[in-house]
1. Only bridges whose two residues both fall in the range 1-119 count here: according to DSSP, what percent of them are antiparallel, nearest 5?
2. Determine the calculated [θ] at 222 nm for the chain from helices alone, applying -39500 (n - 2.57) to every DSSP H run no shorter than 4 residues and normalising by the residue count; nearest 500 deg cm²/dmol.
3. Considering the chain as a Gaussian network with a 10 Å cut-off on Cα pairs, which listed residue, 190, 136, 62, attains the greatest mean-square fluctuation?
4. For residue 135 and residue 65 in the same chain, what is the full-extension length gain: residue separation times 0.36 nm, less their Cα-Cα distance, in nm?
5. Would you order 156, 217, 7 from fewest to most other beta-carbon atoms within 10 Å of each residue's own beta-carbon?
6. Return, ordered by residue number, the residues of the range 188-223 whose backbone nitrogen is under 16 Å from a label point located 7 Å along Cα→Cβ of residue 170.
7. Working out 0.36 nm times the residue gap between residue 91 and residue 16, then minus their Cα-Cα distance, what length gain in nm do you get to one decimal?
8. Would you mind classifying the range 1-146 by shape? Square roots of the alpha carbon gyration tensor eigenvalues, ordered a ≥ b ≥ c; an a/c under 1.5 is rounded, otherwise it is prolate if a/b is larger than b/c and oblate if not.
Ligand code: SF4
């Protein structure tokens, strides 16, 4: 389906309205599914089945998947059919991404995949409470809608996108909110990587609690 992303705005959501799938948590709007390698962060290079849920209320100006901001035009898929699809591939890791997946009650999705033997991972901006039991939570906070403290405490991995010099200071603010066990990553925003990578390397050399995350999948041209 071709979607013109230039006119898409983030969906307007009041926290009181969440989760958006309250009427039927076993069905979720899915923009796309694909089998690939995790390109970022702690699990970089591992094979996984990805589910990109539709709908985001964060609105990052540099977002590279603006087509995911809306739910319009995307199918509502049953948890069982998603599990069945993922079982066609050998990896037993599923990564729930978006969009912003925490707009939804993800408990049935997590339960279905865990019962089928999958490790269930979440990629979130942390803007909303997480509903569901995840094996791994990657928190990637965004300036456009701050992460809530509850999600910061739950994160296994903090991944901060570096778009501007000031983002290092901002990253340190979040590093103080996550648990001491949380893995810390700095990742250049893709369109500014040539300018930001040298700064990130220098920063990590001076602050070795951080590691570099590159969007490996974009370098090797896989989804
Ligand atoms: Fe895009 Fe993710 Fe930001 Fe939503 S949270 S606007 S999907 S980068």
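We did not get these values from a lab; they are worked out from the coordinates using the rules stated. Being a predicted model, the structure only gives us computed values, none of them experimental. Glycine also receives a Cβ, built like all others from the backbone with ideal geometry; neighbour counts cover every protein chain displayed.
1. Taking every DSSP beta bridge within the range 1-119, about 65 percent pair in antiparallel fashion.
2. Value at 222 nm, helices only, nearest 500: -6000 deg cm²/dmol.
3. Top of the fluctuation ranking is 62.
4. Here the answer is 22.7 nm.
5. 7, 217, 156
6. Correct set: 188-193, 196-197, 200.
7. Gain on extension, residue 91 to residue 16, equals 23.3 nm.
8. Rounded shape, in that the Cα axes give a/c under 1.5.
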